[in-house]
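Taking it in order: structure first as structure tokens, then the write-up.
The values are calculated or read from the model by the stated rules, or taken from the named source; none is laboratory data. What you are looking at is a predicted structure, and each value in this text was computed from that prediction instead of being measured. With ideal geometry, Cβ positions are generated from the backbone for all residues, glycine too; neighbour counts draw on all protein chains shown. Quick note on the areas: whole protein, heavy atoms, side chains included, nothing else; ligands and nucleic acids left out. Shrake-Rupley method; radii C 1.70, N 1.55, O 1.52, S 1.80 Å.
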Amino acid sequence: MEKVTRLSAEKAVVIFTANIDCPMSHTVTTLFSGLGVGAVVHELDKDPRGRDMERDLARRLGRNPPVPAVFIGGKLIGSTDRIISLHLSGKLVPMLKAAGAMWL
């Protein structure tokens, strides 16, 4: 869907959530914040086209529910499990630096 593609390129890190009160969304946004990354967060439940975007994300990720869905450098990386896995393996920070989301 064009809207997801357009929004996912807004900034180095873009997170789509159902709502910010979701524990998984909170985990991901807190992790990025703790790393000093200013991610853009789109709450799909507050967007008039949120259901359409959620279906598109579910198709792209192959899972339902598809949120949180994290894009880094305009590329879909995955949901909470993938982000935490990358972080624990030491691969997330280099990815963030390469995308321009972190300087040091």
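Below, the figures for the structure above:
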quantity: Cα Rg, Dmax (largest Cα-Cα span) when computed across the chain, Å; calculated: 12.6, 38
quantity: Mean ellipticity per residue at 222 nm, deg cm²/dmol - from DSSP H runs of n ≥ 4 across the chain, formula -39500 (n - 2.57); calculated: -13500 deg cm²/dmol
quantity: Average accessible surface area per residue within the chain, 1.4 Å rolling probe, Å²; calculated: 55
quantity: Percent carbon-and-sulfur accessible area, region 28-104, ignoring ligands, DNA and RNA, probe 1.4 Å; calculated: 53
quantity: Relative contact order computed over the chain (Cα-Cα under 8 Å; 6+ residues apart), in percent; calculated: 32
quantity: Under 15 Å, Cβ to Cβ, from residue 62 - net charge with Lys/Arg +1 and Asp/Glu -1; calculated: +2
quantity: For residue 42, distant residues with modelled amide H under 5 Å away; calculated: 15, 16, 17
quantity: Under Karplus coefficients 6.51, -1.76 and 1.60, residue-wise ³J(HN,Hα) of region 54-68 in Hz, glycine/proline x; calculated: 5, 4, 5, 5, 4, 5, 5, 7, x, 8, 9, x, x, 10, x
quantity: Cα long-axis angle, helix 23-34 against the chain (0 to 90 degrees, to the nearest 10); calculated: 40
quantity: Cut-off 11 Å between beta-carbons: net charge of the residues surrounding residue 16, Lys and Arg +1, Asp and Glu -1; calculated: -3
quantity: Net charge of Cβ neighbours under 11 Å - reference residue 45; Lys, Arg +1; Asp, Glu -1; calculated: -2
quantity: Lysine pair count for the chain [Cα-Cα under 16 Å; pairs on different chains or 8 or more apart]; calculated: 7
quantity: Antiparallel DSSP beta bridges within region 1-82, percent to nearest 5; calculated: 65
quantity: Whole-Hz ³J(HN,Hα) from phi, Karplus 6.51 cos²θ - 1.76 cosθ + 1.60, for region 87-104, glycine and proline x; calculated: 5, 5, 8, x, 9, 5, 4, x, 5, 5, 5, 4, 7, x, 8, 9, 9, 10
